[in-house]
Amino acid sequence: MSVEPSSPVAPSFESRVHGSLLGGALGDSLGYAVEFDSIAAIRAHYGAAGLTGFGQLGDASHFSDDTQMTLYTVDGLVEALEWANDGVAADEIACLWLAYLRWLKTQDVAVASSAPVPQPRWIDAQEVLRHRRAPGNACLSGLATGQMGTVARPVNPDSKGCGTVMRSAPFGLIPHISREAVYKLSSDAASLTHGHPSARLSAAAFSLLIHHIVAGHDVRSAANEALDYVNGVPTKAPELGERLEAALQLSQQSNALSPEDLTAALGEGWIAEEALAVGLYSVLATSGSSPADHFRNAIAVAINHSGDSDSTGSIAGNILGAFYGEECLPGAWLEALEAPEVIRGMAGRLLAVTTG
């Protein structure tokens, strides 16, 4: 039976920010190693328990586009807050769009001539981010149009891929803003690449989940709060509610789901609501003798299945890092993580403009 995650001492906001961004990158990195493998192939290569740690990867550990786009989300928010702190009103979604266009350039994708040419920032000089790591087609095509997608004028109107969810934890890491603001920022930013209502609402639900965790809620309560909020907005995506309700209910069963049953019940994670449901289930259905033990167990569930393992692993890592702070990040895993200084650098920039 699962045990509700608890933390005897509330982590600092700084620790939650670093924990969420680094935790997401850890889950992403392990998941990326098996992203396109079936569970049978994963077991054949790594053993019956699957991939459970960086030691099984040797030196070949890389994070994917999930971490890249998460860090560019941070940078877009940081730029908007820099303008605000200087007393200049800025369009937050425009700043995010420009940040994503700068990410698109790192992928060597041609952009329509109608697109603006953003000024480079610190993040753009980080060579480790200039690699193509299986980016989502909708993210690439939506940005390459050169048109800033909106709810009213969507790009990729039928797409609800998980590319919106996997990059949206940072919206929940901005302190002192309302849940209404978190919802609007994350759903509008999702519209830059994906037009389907479930893509927008799943991103918003994830951001609100992180927002409530940072405010001091336990993970299950935060998930219920986020679900209640998105269920109450005019835009409807019933499949999101169905998946999250299933994740919440299944995580209370005495026996954990097998990888086969997990994807049969919640989906493989290639689309937005499925990725969020699998990541959430992985956190709530596991426990551990310590925060780091819980983190390891949750990531193992999140990545060992026949689906989008890097995105579901990233989401689970974002959640537990926000909840426990850096305390939950296994030391040996951090030593194996690609470019932790770049991730910490972006966390530091977010903290500088939000808390000074």
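Please treat every number below as a calculation from the coordinates, not as lab data. Quick caveat, the model's predicted, so the values are computed rather than measured. Cβ atoms come from the backbone with ideal geometry, glycine included; neighbour counts cover every protein chain shown.
Taking the Cα atoms of the range 280-343, the ratio Rg/Rh between the radius of gyration and the Kirkwood radius comes to 0.95. When peptides 135-144, 249-258 are sorted by average Cβ neighbour count within 10 Å, with the highest value leading, the order is 135-144, 249-258. Between residue 261 and residue 89, the modelled labels are 5.5 nm apart [label points 7 Å from Cα along Cα→Cβ]. Classify the range 225-356 as rounded, prolate or oblate, taking a ≥ b ≥ c as the square roots of the eigenvalues of its Cα gyration tensor: rounded when a/c is under 1.5, otherwise prolate if a/b is larger than b/c and oblate if not. Here the range 225-356 falls in the oblate category. The packing ranking, built from the mean of other Cβ atoms within 10 Å per residue, places the peptides 269-281, 327-339, 188-200 in the order 269-281, 188-200, 327-339, highest first. Derived scalar couplings between HN and Hα for the range 112-118 equal 4, 5, 6, 6, x, 10, x Hz in order, rounded to whole Hz, by the Karplus curve 6.51 cos²θ - 1.76 cosθ + 1.60 (θ = phi - 60°), x for Gly and Pro. Rounded is the label for the chain, because the ratio a/c of its alpha-carbon gyration tensor axes (a ≥ b ≥ c) stays below 1.5. Between residue 12 and residue 355, the simple spin-label model (points 7 angstrom out along Cα→Cβ) gives 0.6 nm. For the chain, a simple Cβ point-charge model (Lys and Arg +1, Asp and Glu -1, everything else neutral) yields a dipole of about 420 debye relative to the Cα centre. When the square roots of the Cα gyration tensor eigenvalues are ordered a ≥ b ≥ c, the ratio a/c for the range 2-126 is 1.5 or more and a/b does not exceed b/c, which makes its shape oblate.
Under the Kirkwood approximation applied to all pairs of distinct alpha-carbon atoms, what is the hydrodynamic radius of the range 191-271 in Å?
After inverting the mean inverse Cα-Cα distance, the result is 13.6 Å.
Spin-label pair residue 180-residue 151: with each label point 7 Å from Cα along the Cα-Cβ axis, the two points sit 1.3 nm from one another. Can you give me the angle between helix 309-324 and the longest principal axis of the chain, using Cα atoms only, in degrees from 0 to 90, rounded to the nearest 10? For 309-324 against the chain, the angle is about 90 degrees. Within the listed set 88, 230, 34, the Gaussian network model of the chain (springs between alpha-carbon atoms below 10 Å) gives the highest mean-square fluctuation for 88.
So what's the net charge close to residue 199: Lys and Arg +1, Asp and Glu -1, counting the other residues with Cβ under 9 Å from its Cβ? Net charge around residue 199: +1. On the basis of the beta-carbon distance and an R0 of 41 Å, residue 132 and residue 249 show a calculated FRET efficiency of 0.60.
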